[in-house]
Amino acid sequence: MKNKAEVDTRFALCFPDTYEIGMSNLGMKILYGVLNNLDGVWCERVFEPWRDMSDEMKAAGIPLWALESGDPVKDFDIIGFSVGYEMSFLGVLDILALSGIPLRSAERTELTPLVFAGGACMYNAEPIADFIDLAVIGEGEQADLEVTELYRRAKKLGWTKTEFLREAAKIRGVYVPSLYSVDYAPDGTISAITPHDGAPERVTKRIIEDLDSSFFPTDIIVPSTEIVHDRAVLEIFRGCIRGCRFCQAGYVYRPIRSKKCSTLVKQGIELLKKSGYEEISLSSLSTSDYRALGELCDGLLDWCEPRKASLSLPSLRADNFSMEIMKKVQKVRKSGLTFAPEAGSQRLRDVINKNVTEEDILNSCRTAFEGGWNGVKLYFMMGLPTETDEDILAIADLAFKVLNTWKKYASNKNRGVRITVSTSCFVPKPMTPFQWEAQDTMEEFRRKQKLLKDNMRSGAITYNWHDSEVSFIEAVLALGDRRLSPVIESVYKKAGGLAAWEEYFSETAWEEAFAENGIDPAFYANRARSLDEILPWSIIDTGVTQAHLLRERELSREAKTSPNCREKCSGCGARRLDAEGRCDD
Ligand code: SF4
């Protein structure tokens, strides 16, 4: 809590989804800490209320408020959103509307409130270009501070919003959509993106060069109700050495930067002590790739074990999963085990550069079953480029082999076995070698899901799949351009926020909104792009070069893998973002 009289800038840090999701988000915790460390700035949390609550608020004429002070969001200076999932675009509108703030940037003519967004979805901010004043591209720890400081200066000097935005566009990593005009060719593709008023030709993402010394919150807010990831979370490194070709996170978080083991042990213990949590989870894109993982587990368990606190390790890979690490974690509590082979056949795993063999997967399962685990979850993606029915059937085969591995090696067969196969629908993502690909149609997804379901060979294997309707909209939004802003606005007006939640997702609202705005959604989701097409996100520079993405795409077509970054640097270009050209040292 801060004293209102002593602050000059009120910052509403908004998460466009519910409290339970937003409070689990590490980025929110980091930015909340960073901003509140600024004297004169008070940053508070805002989440999207659940529908029954927002209906009552609307009926009673109560505008949305921030959690710390209880003051209405519309009284804040800066409204900052963290957007990590395309379906949350509607949540952005929900928060603005419930706060009584005009939705469109052009309707907010004053400097205050300033509305901006950051997070992984801002690598293609175009679908919400009409609503935000600016986007921060990349890691926000420093850039958000710079935007906030510039805003304070602008407020003091009485700048207009236009003056502020022109100046803000000069900050590295800041993208101001209104300073770019987009032209279209008769076939609907983009013919030109033109910057105005001194805006840069390309916006280069921000990174924190030295993660080890950068701010990490250990005095976090303990949630007031159970949240989805209700535990302490320790970020161990950013980036990923693997280069899976479908994975946006793996490409946009480059270069790889790790924290020292000693720093992590210290931060982890502090986090547990201050929060009172009884579980700590090590977070990264691929936890088993942390070089000193054994040492880190030992360091944390020395403190945890006597206090009955547990350690969980999500994001383990099937090819370097070790019994040694597993035994360490098992000491306190057995957590669920999940592997993500992503594709059923070796050919398709090579296409996506997963670099995991069937032998790796079965060996890891054997290790787990021998170690007393009785269940494993296997994640796959459907609709990957070049996929055939054989690849789908290979998922069923692999699950069956995992079952046989349990039968052969389980140390404890009394409790039975649970093998869960989950498939999601592949969504081509910007900034990856698959950014030019078409998504399978919904009908094709449904056919493939049925094919797999009909071919699962044992009752001990449960098969879950994601609905293709949501994935289709996800693809439209991920690959879309600014012509989608009116569509998003009309969907919001018809169906409200919380669009990622099954109970509020309305296929009809989307269909109607596309029709009303003369948009064919298949143009975005189901169309393969030519390699020289100007993509809506082409002015954003993540460090990784177009040449690298094209090279990887070509290799995928030949089902050839690339070495991981530790075996051999493939020269993706990301290390040029570091002043000294460092990567994964
Ligand atoms: S610069 Fe090299 S090591 Fe670093 S992410 Fe790119 S390919 Fe990997």
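None of the figures in this text is laboratory data; all of them are computed from the coordinates on show. Just so we're clear, the structure is a prediction, and the values are computed from it rather than from any experiment. So basically every Cβ, Gly included, is an ideal-geometry build from the backbone, and we count neighbours across all protein chains shown.
For the peptides 136-146, 357-367, the ranking by mean Cβ contacts within 10 Å, running from highest to lowest, is 136-146, 357-367.
The distance separating the Cα centre of the stretch 113-183 from that of the stretch 510-573 comes to 25 Å.
Cross-link partners for LYS408 among the aspartates and glutamates, with Cα-Cα distance under 18 Å and sequence neighbours closer than 8 places in the same chain left out: GLU358, GLU359, ASP360, GLU370, ASP397. Between LEU67 and ALA522, the simple label model (points 7 Å from Cα in the Cβ direction) yields a spacing of 4.4 nm. For the listed residue pairs LYS74/LYS274; LYS58/LYS493; LYS58/LYS494; LYS273/LYS377, the alpha carbons are over 23 angstrom apart in LYS74/LYS274; LYS273/LYS377.
Phi angles of the stretch 337-347 translate, via the Karplus equation with coefficients 6.51, -1.76, 1.60 and θ = phi - 60°, into HN-Hα couplings of 10, 9, 10, 10, x, 6, 9, x, 9, 5, 4 Hz per residue; Gly and Pro are given as x. Enumerate the residues in the stretch 196-221 having an amide nitrogen under 11 Å from the point lying 7 Å beyond the Cα of GLU270 toward its Cβ. So the set is 213-220. Here r is the Cβ-Cβ distance between ARG457 and TRP50 and R0 is 51 Å; the resulting FRET efficiency, rounded to 0.05, is 0.80.
3J(HN,Hα) couplings calculated from phi for the stretch 56-69 with the Karplus curve 6.51 cos²θ - 1.76 cosθ + 1.60 (θ = phi - 60°) are, in sequence order, 5, 4, 5, 4, 8, x, 9, x, 4, 10, 8, 6, 6, 8 Hz; Gly and Pro show x. Amide H to amide H, with H built 1.01 Å from N, ALA340 comes under 5 Å of ALA318, TYR379, counting only residues 5 or more places away or on other chains.
Across the stretch 538-551, coupling constants 3J(HN,Hα) worked out from phi with the 6.51/-1.76/1.60 Karplus curve, θ = phi - 60°, read 5, 7, 8, 10, 8, x, 6, 7, 4, 4, 5, 4, 5, 4 Hz, and Gly and Pro carry x.
Here each label is just a point 7 Å from Cα along the line to Cβ, and for LEU531 and THR162 those points are 4.3 nm apart.
When a/c reaches 1.5 or more, the comparison of a/b and b/c decides; with that in mind, is the stretch 442-585 rounded, prolate or oblate per its Cα gyration tensor? Oblate shape, in that a/c is at least 1.5 and b/c is the bigger or equal ratio. Please check which bits of the stretch 182-210 a label hung off ALA579 would reach, taking the label as a point 7 Å along Cα-to-C-beta and the cut-off as backbone N under 16 Å. It comes to 206-210, nothing else. For TRP65, the residues whose amide H sits under 5 Å from its own are VAL73, ignoring neighbours fewer than 5 places away on the same chain, with H placed 1.01 Å from N.
If I stretch the segment between MET1 and LYS308 completely, what's the gain in nm (0.36 nm per residue apart, minus their alpha carbon distance), one decimal?
Here the answer is 107.3 nm.
Averaging the sequence gap over all C-alpha pairs within less than 8 Å and six or more residues apart, then dividing by the number of residues, gives the chain a relative contact order of 15 percent. Label separation (THR386 vs THR204): 3.4 nm, computed from points 7 Å beyond Cα along the C-beta direction.
Close amide-amide hydrogen proximity is noted between THR462 and ILE419, THR420, VAL421, each under 5 Å apart and 5 or more residues distant or on a separate chain (H modeled in the peptide plane; Pro and chain starts excluded). Calculated FRET efficiency, SER570 to GLU512, Cβ-Cβ distance, R0 = 35 Å: about 0.15 to the nearest 0.05.
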